[in-house]
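Novice: Once you've had a glance at the structure underneath, I'll fire off some questions.
The values are calculated or read from the model by the stated rules, or taken from the named source; none is laboratory data. What you see is a predicted model, and the numbers here were worked out from it, not measured in a lab. Every residue, glycine among them, receives a Cβ derived from its backbone with ideal geometry; neighbour counts consider all protein chains shown. Only protein heavy atoms, including side chains, enter the accessible area calculation; ligands, DNA and RNA are left aside. Shrake-Rupley method; radii C 1.70, N 1.55, O 1.52, S 1.80 Å.
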Amino acid sequence: MTMRPWAIAALVAVLLFLLGPFLIIVGAGLSAGETLTFPPEGLSLRWVWAVLQVDTLRHAFAISFSLAVLSTLGALALGIPAAYALERLDPPGAGAIRALVTAPLVVPGIVVGLALLRYFVIPLGIGIRPALLMSHTALLVPYTVRVVAASLRNLRVDIEEAAILLGASPLTAFVSVVMPNIRNGIVAAFILSFITSFNQVPVSLFLAGPGVSTLPIEMLARIDFTYDPSIAALSALLALLSIAIVFVAERLLGLSRYV
Amino acid sequence: MIAKLRRIATLVFGVLAVAYLSYVFFHEPGEDAGADRLVISVFGVSQESFRKHLYNPFEAECGCKLVIETGNSSERLSKLAARKTNPEVDLAVFADFDALSAARRGLTDPIDVAKLGNYDRLYEFARDPIGGRMAVGYTVYAAGIVYRTDKVRIESWNDLWQPVLKDRMVLPTLTSSGGPMMLHMVESALGGNDPAFRGALAKVAANKESVVTFYERSAHLVQLFQQGEAWAAVTGRYNLPLLQRLDLPIAWATPQEGDAGGRNVMVLIRGSRRRALALRLMDKWLSTPVQTALALDLTDSPANREVVLPPATASLLTYGPAMIQRMKFVPPAQVLDHRAAWTAAWNETIAR
Amino acid sequence: MIAAPRLRGLLLMAPAGAFVALAFLLPLAILLSGSFQAEDGQLGVQRYVQFFADPLNREVFLRTLRIGFLVTLASVILGYVAALAIVDLDPGSRGRVIGLVTLPIMISPVARTYAWIVLLGRTGLVNSVAHEFGFTDAPLRLLYTEPAVFLGLLQLLLPLIILPLVSALENVPRDAVPAARMLGAGWWTIFVRILLPLSREGLGVGGVLVFTGAITAYITPAMLGGAKVLMLETLLYQRVNVTDDIATATVITALLVAMSVVAKALLNRIARGRPLGRGRAR
Amino acid sequence: MSDAFLELHGVTLRYGRSIAVDALDLSVGAGELVALLGPSGCGKTTTMRAVAGLLKPTSGQIRIGGQDVTRVPPNKRDVGLMFQSYALFPHLSVFENVAFGLRLRRLGEAEIAERAAAALASVGLAGTEGRLPRELSGGQQQRVALARALVVRPRLLLLDEPLSNLDARLRLEMRTEIARLQRELGLPMIYVTHDQVEALALAHRIIVMRGGRIEQDGAPAEIYERPRNAFVARFVGFETILPATSLPGAPRGATAAFGWRPHHVQVGAGPYEGRVLGASYLGEAVEYLIESDFGPIKAEAPADLPRHGPGDPVRFDLPLSRAVALEAEPAPGGA
């Protein structure tokens, strides 16, 4: 294997490039100094503590978190049946609908936000909160459809037929045979959607309003007028939260397989 | 059996969790207490100071709940314009020319100054800054030059163009409130008084390679100084306290041509249903104790003449008749009338 | 009679389809159609002509294309390097490395981009190191430049091509490479003649994600490019929210969507390329 | 025909323009094991899935036990199906797989346990209840699938190429097992296969299909010994088939062609001459491919006779006494 040593070196370099900034954010967030620097001027948790005390950020976190969960659930409720129909039932116009539900992936978020604000939210007089929820849901539907459809594709069709021939209605067959076997796909869709919504900026940028702001938007705003390490500390916290979610999900899935 | 119970428990837990999260998401703060809500849209800077000296005391007084949206002036204007038919906001603050733009677009209502007990305590510039009683000023700032005393000397607006500042100079972008003020001073330093700022625009264009960036938000600037990107910058004086905390030799220039003046104003949004409450907050904001407290925090320079500040604080703010006399306000109408032309020239010669 | 399940399928798809159409496609269509309507209400491409008449707009458009292309190119190269090394690992560490590659996707882009501000500033790590080792005499201005945006986007989007490439390369038949080695092929030949064609689909998928990601990113150009290095997205935001210029915004929207669609079509063609994709017509 | 348990009348299935099953009439008697035999694409699996209700016929009628079930959904037909891939539920234990159908019938827990255990015992899998399907061997999975299909006591059992994923030894074992269960339960079965040996060994009756139509319907011996036409003949091992017109002295009339099995062709002597194209040693016999004026001839000769190598001229005979007379083939239906 003549290629091995340099391949490993290159891989390490790529990983460093991908993860280095994350380490730097953690380092800068743990700084004891007044200003944002790396390497940090001594280590302390003071900025982590300080950022947790900020009301607006706490409130934005609550909004972002609940928004992410609710829109993810909405997208799953819409996306799972659609994915099932697309993969299994060959509905008329499937191609068009496939393109339709995956369209939000191609369109820039800024544009989505603008279009929704101008021609959906305002004409229909939709409040800020429902507008955010609906736009995030529409944005997440493609993710759920894609991921769930992919896991359906990897699941044999005949086990459903077997269940039906044993007397199950199509719905019972779906719930008792299909769902348990695409659970990993559904959890993956959930995590992906949750994180997408939670980190979403451009769409929310247009739709957020008084009293309702999401965490990343508050962070962006705060970056504009603070230069202390508090945002770095918050970023590090969020990164750890994301990692924890993925890790726990992985663990639960791994464990539940044997329960 | 156990499996079934576990399934039911999971289901119940799930439903409760979703219900709770829906509550969190859809719940308007203060709603359940039946309290009145007043929605205000303000600048994001120093919200902690406002919370302490203005919002908390006001909420205690009126028994109402303040909902605060933050953002910069032009973004606020676009959002309010977009939501014109169904405004969420009751009271907003703007740079003076954005307030005029809002007024021209019919987004605001005139202010009944008779209801403002503190109105007579205001400086002249704050009383009717855009005409038609459509706005009241609440703070003022000089727009001038800050610089690293160890690197350069600045005694005139023309000193911005010295070679040593190549790649070290930061200017506000045209679309920020500082943009027009900078052009105004550059124009007058060049000896011109063209309202279309042709001379100033040409001057900036000729030196655009020296500019690190045209910043949009003022705090951005602090970063630029901190990271050594900037040695001199055109900015509002409200950034001075932040900059001086940097442990760098940073000073406020006193150019011979004087400084530009900027003011932020409060407006009432047309269609607001909480007019009386909005006027009450406005009056509170203009009161001597609140203005003094905000000034002592170095948050905003006072628009109220009766505010008395210790010299150490005063030296960091835009304070006192002498300083205010030095400042040249760009008439808001001039900004609105010429902005399209400025922008065209700016895009053509500078932004590229 | 055969239609019954298909009808059921239509019913199951209807809510998602209707929701996305109403809460997404329709507003977007209205916005886009606005770009073909001049101020006097006449239909035509007048707005586009006006848009491209402005030199700033032209420059931003070209810059967006340029950055999109460069980021895609760089991530294809780095992506192959990383993916080839990853599939070469034993299964255990492969899983762990893939986890590490996935990790950045999970982290807020705001947080990740913020890190670059810390890194690239004149007193930041990059400059200190460069100075320490004597590469530079004086600190370089890195922030608010095109290279800064390029780096930020590359870091943001690279995982999106590594992952599909890894799964494509994992599907390359185990014996293909040794077989080619036996026939005397060198590494470059193996890559060009065997690995590249066999991983074309992953390349197409990843390429689309990276390119569209790069041209439609907002946070990174906003934070690392600023007002001096505008890209179409930041220009659009500025036009809408700062100068309230919807006309230009609609044109930018149309351009962005068109670029995404064209990129997708092009890269899909590359992905389907020759014999490989044929069998997968469904 | 009157005691037929399952009847198909003029059943047609169309996909767009292509016809998978073309106006098929078919019946299965109570307690009968019928094999549907044919190459892939002949419509046998489609027919079976239509019987199960997984596909709806474009036209025609399906009756089970005298009742028209054409419009009855598959979950109400009470028809068991054993899939080629077994289709076990991967997330359920062996026990739960077998109990699945019983639970849907809302039986008591005790009865479910008892019947599932009995079903598993009857296929020799007692003791594997707690395992997951993927922890079983292919043959064991096969038996679970069989137990799962049988435990709900269907009126009819369909088997879709049930042995094709097993190795030769297991195949034989399972074949015996299926035959035994069928005998014991008296359950009507349709057995879909492309393997004539399986069909011959198991079925009471074989239906050979091609292009969505029935080519021949008869007892195994009848199919094997008296194939009706060239298609069926090839399927059951008549590898040399020559048109009647090409043979000097052959009787005319209804006979369109004659067919010989390889060992029916005499090699080494006879009226005709050809050239050996290939010879394969099979142990007891040698198989020859001979080029002749009639076309290619497949022949088999005992290995102890003198051998011929490729290129050798060779004499051979096609004895009419051993040939099977074949009708003209219908034009291939459908496509």
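Novice: What 222 nm value per residue comes from the helices of chain D, counting each DSSP H run with n ≥ 4 as -39,500 (n - 2.57) and dividing by all residues, nearest 500 deg cm²/dmol?
Specialist: -7500 deg cm²/dmol
Novice: Let me ask something else about it. In whole angstrom, and with the biggest value first, how far do the Cα coordinates of segment A:121-167 range along each principal axis?
Specialist: Principal extents (largest minus smallest coordinate, Cα): 51, 23, 15 Å.
Novice: Give the value in nm², to one decimal: projected area of the alpha carbon convex hull of segment D:170-285, averaged over all directions. Kindly include the intermediate steps, with their values, before the conclusion.
Specialist: Details: hull surface 42.4 nm².
Hull-based average projected area comes out at 10.6 nm².
Novice: Return the unpartnered cysteines for the protein assembly as shown, using a Cβ-Cβ cut-off of under 4.7 Å.
Specialist: Result for the protein assembly as shown is D:Cys42, no neighbouring Cys Cβ within the cutoff.
Novice: Taking amide H positions as placed in the peptide plane 1.01 Å from N, state which residues far from B:Thr108 in sequence (5 or more) or on other chains have amide H under 5 Å from it.
Specialist: B:Arg270
Novice: I've got another one for you. Which percent of the accessible heavy-atom area of segment B:119-205 goes to carbon and sulfur, probe 1.4 angstrom? Don't jump to the answer; show the numbers that get you there.
Specialist: Details: 1370 of 2990 Å².
The nonpolar share, carbon plus sulfur, comes to 46 percent.
Novice: Okay, moving on. What is the dipole size for the protein assembly as shown, taken about its Cα centre, with +1 at each Lys and Arg Cβ and -1 at each Asp and Glu Cβ, in debye to the nearest 20?
Specialist: 900
Novice: Rounded to the nearest 500, what is the 222 nm mean residue ellipticity of chain B from helices alone, with -39500 (n - 2.57) per DSSP H run of 4+ residues and division by all residues?
Specialist: Helices in chain B give a 222 nm mean residue ellipticity of -11500 deg cm²/dmol.
Novice: Roughly how many whole Å is it from the C-alpha centroid of segment D:1-52 to that of segment A:217-251?
Specialist: First find each Cα centre; the distance between them is then 64 Å.
Novice: Next up: Using alpha carbons only, how many angstrom separate the centre of segment C:136-184 from the centre of segment A:162-177?
Specialist: Computed from Cα coordinates, the inter-centre distance equals 45 Å.
Novice: Compute the angle between helix B:275-286 and the longest alpha-carbon principal axis of chain B, please, reported from 0 to 90 degrees and rounded to the nearest 10.
Specialist: 50
Novice: Quick one: what are the phi-derived ³J(HN,Hα) couplings along segment B:320-328, Karplus 6.51/-1.76/1.60 with θ = phi - 60°, whole Hz, x for glycine and proline?
Specialist: For segment B:320-328, the Karplus-derived couplings read x, x, 4, 5, 5, 4, 5, 7, 10 Hz, x marking Gly and Pro.
Novice: May I pose another question? Inverting the mean 1/r over all pairs of different Cα atoms, compute the Kirkwood radius of segment C:85-213 and quote it in Å.
Specialist: About 17.4 Å for segment C:85-213.
Novice: Would you mind computing Rg(Cα) / (2.2 N^0.38 Å) for chain A, counting N as its residues?
Specialist: Ratio of Cα Rg to 2.2 N^0.38 Å: 1.22.
Novice: For the charge dipole of segment D:41-196, defined by +1 on Lys and Arg C-beta atoms and -1 on Asp and Glu C-beta atoms about the Cα centroid, which residue among D:Met48, D:Phe83, D:Val144 has the Cα displaced farthest towards the positive pole?
Specialist: Positive-end residue among those listed: D:Met48.
Novice: Report the Stokes-Einstein translational diffusion coefficient (µm² s⁻¹, integer) for segment B:168-274, Rh taken as the Kirkwood radius over Cα pairs, at 10 °C with viscosity 1.306 mPa s.
Specialist: Values: Rh = 15.2 Å.
For these conditions, the coefficient is 104 µm²/s.
Novice: Treating the Cα atoms of the protein assembly as shown as identical point scatterers in vacuum, please give the log10 of the normalised Debye intensity I(q)/I(0) at q = 0.06, 0.07 Å⁻¹, two decimals.
Specialist: -0.66, -0.82
Novice: Say we join alpha carbon atoms closer than 10 Å with springs in a Gaussian network model of chain C; which of C:Pro221, C:Pro164, C:Pro178 then has the biggest fluctuation?
Specialist: Maximum among the listed residues: C:Pro178.
Novice: Which of these, A:Thr196, A:Thr35, A:Thr214, has the largest mean-square fluctuation under a Gaussian network model of chain A (Cα springs below 10 Å)?
Specialist: A:Thr35
Novice: Run the paramagnetic zone check for D:Leu305: 7 angstrom along Cα to Cβ, then residues of segment D:210-247 with backbone nitrogen under 18 Å.
Specialist: D:238-241
Novice: Counting only Cα, what are the radius of gyration and maximum Cα-Cα distance Dmax of segment D:17-106, in Å?
Specialist: Rg and Dmax of segment D:17-106, Cα atoms, are 15.2, 44 Å.
Novice: Okay, moving on. Just the number: Rg to Rh for segment D:88-138, Cα atoms, Kirkwood Rh, two decimals.
Specialist: In segment D:88-138, Rg relative to Rh is 0.96.
Novice: I've got another one for you. Provide the buried accessible surface between chains C and B in square angstrom, both chains summed, 1.4 Å probe, rounded to the nearest 100.
Specialist: 2300
Novice: Moving on to the next point. Residues of D:83-94, mean number of Cβ from any other protein chain within 10 Å of their own Cβ, rounded to a whole number?
Specialist: 5
Novice: With a probe of 1.4 Å, find how much accessible area the protein assembly as shown has per residue, and write the answer as a whole number in Å².
Specialist: On the way: 50660 Å² over 1228 residues.
For the protein assembly as shown, the per-residue accessible area is 41 Å².
Novice: Would you work out the charge dipole size for segment D:161-209 about its Cα centre, treating the Cβ of every Lys and Arg as +1 and the Cβ of every Asp and Glu as -1, and quote it to the nearest 20 debye?
Specialist: Roughly 160 debye for segment D:161-209.
Novice: Let me ask something additional. Using just the alpha carbons, could you tell me how many Å³ per residue the convex hull of segment B:31-140 encloses?
Specialist: Working: hull volume 13.7 nm³, N = 110.
Spelled out: Cα convex hull of segment B:31-140, divided by residues, is 125 Å³.
Novice: Which value in Å is the Kirkwood Rh of segment D:233-326 over different Cα pairs?
Specialist: Result for segment D:233-326 stands at 13.4 Å.
Novice: Sorted from largest to smallest, which semi-axis lengths in Å does the alpha carbon gyration tensor of segment D:4-228 give for its equivalent ellipsoid, taking the root of 5 times each eigenvalue? The partial results should precede the final answer.
Specialist: On the way: eigenvalues 172, 83, 48 Å².
Listed largest to smallest, the semi-axes of segment D:4-228 are 29, 20, 15 Å.
Novice: Provide, in order from the shortest bin, the percent of all Cα-Cα pairs of segment D:156-222 in each 5 Å bin, continuing until the bin that contains the maximum pair distance.
Specialist: 3, 15, 27, 27, 17, 8, 2
Novice: Next up: Among the listed pairs B:Lys84/B:Lys115; B:Lys151/B:Lys203; B:Lys52/B:Lys328; B:Lys65/B:Lys328; B:Lys79/C:Lys228, which are separated by more than 28 Å between their Cα atoms?
Specialist: Distance filter (> 28 Å) returns B:Lys52/B:Lys328; B:Lys65/B:Lys328.
Novice: Which residue, chosen from C:Thr136, C:Val110, C:Ala85, occupies the Cα position most advanced towards the positive end of the dipole of segment C:71-140, where the dipole is computed from +1 (Lys, Arg) and -1 (Asp, Glu) charges on Cβ about the Cα centre?
Specialist: Sorting the options by dipole projection puts first C:Val110.
Novice: Looking at chain B, which longest stretch skips every one of the GluC sites (Glu not before Pro) that is in a DSSP loop with at most 15 other Cβ atoms within 10 Å, leaving the sites themselves out? Mind dumping the intermediate values first?
Specialist: Working: sites that count: B:Glu31, B:Glu155, B:Glu306.
Excluding the exposed sites themselves, the longest stretch runs over B:156-305.
Novice: Let me ask something else. Rounded to whole Å and ordered largest first, report the semi-axes of the equivalent ellipsoid of segment C:41-145 derived from its Cα gyration tensor (root of 5λ). Write out the running numbers ahead of the final one.
Specialist: On the way: eigenvalues 260, 133, 40 Å².
Taking √(5λ) for each Cα gyration eigenvalue gives 36, 26, 14 Å.
Novice: Taking R0 as 51 Å, what's the FRET efficiency between A:Leu52 and C:Phe36 from their Cβ-Cβ distance, rounded to 0.05?
Specialist: According to the calculation, E is roughly 0.55.
Novice: A follow-up question, please. Restricting everything to alpha-carbon atoms, can you work out Rg to Rh for segment A:113-211 with a Kirkwood hydrodynamic radius?
Specialist: On the way: Rg = 18.4 Å, Rh = 15.7 Å.
For segment A:113-211, the value is 1.17.
Novice: Also: From the phi angles alone, apply the Karplus equation (6.51, -1.76, 1.60; θ = phi - 60°) to segment C:12-24 and give each ³J(HN,Hα) in whole Hz, x where the residue is Gly or Pro.
Specialist: My calculation for segment C:12-24 gives 5, 7, 4, x, 4, x, 5, 5, 5, 4, 6, 8, 9 Hz in order.
Novice: A follow-up question, please. Choose one of D:Phe316, D:Ala199, D:Ser122: the residue whose Cα lies farthest towards the positive end of the charge dipole of chain D (beta-carbon charges +1 Lys, Arg; -1 Asp, Glu; about the Cα centre).
Specialist: D:Ser122
Novice: Extent of chain B along each principal axis, from alpha carbon coordinates, in Å, largest to smallest?
Specialist: Over chain B, Cα extents along the principal axes are 84, 56, 41 Å.
Novice: Related question: Take chain D, connect every pair of alpha-carbon atoms lying under 10 Å apart with a spring to form a Gaussian network, then pick out the residue of D:Leu187, D:Leu157, D:Leu282 with the largest mean-square fluctuation.
Specialist: Residue with maximal mean-square fluctuation among D:Leu187, D:Leu157, D:Leu282: D:Leu282.
Novice: Sticking with this structure for a sec: Run through the DSSP bridge list for chain D and note the antiparallel percent, rounded to the nearest 5.
Specialist: Just about 70 percent of them are antiparallel.
Novice: Using C-alpha positions alone, give me the convex hull volume of segment B:1-83 per residue in cubic angstrom.
Specialist: Roughly 167 Å³ of hull volume per residue.
Novice: A follow-up question, please. For segment A:155-249, what is the Kirkwood estimate of the hydrodynamic radius, computed as the reciprocal of the mean inverse distance between distinct Cα atoms, to one decimal in Å? Let's see the in-between values first.
Specialist: Working: mean 1/r = 0.0594 Å⁻¹.
The answer is 16.8 Å.
Novice: Shielding by partners for B:60-71, please: the mean number of other protein chain Cβ atoms within 10 Å of each residue's Cβ. Let's see the in-between values first.
Specialist: Values: counts 0, 0, 0, 0, 0, 1, 2, 4, 5, 7, 8, 7.
For this peptide, the per-residue mean of nearby foreign Cβ atoms is 3.
Novice: Let me know the mean shielding of C:252-258 by other chains, meaning the per-residue number of their Cβ atoms within 10 Å of its Cβ.
Specialist: Shielding by partners across C:252-258 averages 3.
Novice: Now for a separate question. With only alpha-carbon atoms counted, please give the Rg and Dmax of chain C, in Å.
Specialist: In order Rg, Dmax, the Cα atoms of chain C give 22.8, 80 Å.
Novice: Moving to a separate point now. Nearest-5 percent of antiparallel DSSP beta bridges in the protein assembly as shown?
Specialist: 70
Novice: Dipole size in debye (nearest 20) for chain B around its Cα centre, Lys and Arg Cβ +1, Asp and Glu Cβ -1?
Specialist: 800
Novice: Using DSSP to call loops (not H, G, I, E or B), can you name the GluC sites (Glu not before Pro) in segment D:150-245 whose Cβ has at most 11 other Cβ atoms within 10 angstrom?
Specialist: On the way: sites: D:Glu173, D:Glu177, D:Glu184, D:Glu198, D:Glu215, D:Glu222, D:Glu225, D:Glu239; in loops: D:Glu239.
Loop-located and lightly packed - none at all.
Novice: Over all directions, how big on average is the projection of the convex hull of the alpha-carbon atoms in segment A:44-138, in square nanometres?
Specialist: Answer in nm², one decimal: 9.0.
Novice: Which residues' amide hydrogens lie under 5 Å from the amide hydrogen of B:Asp36, considering only partners 5 or more residues apart or on another chain, with H built in the peptide plane?
Specialist: B:Lys65
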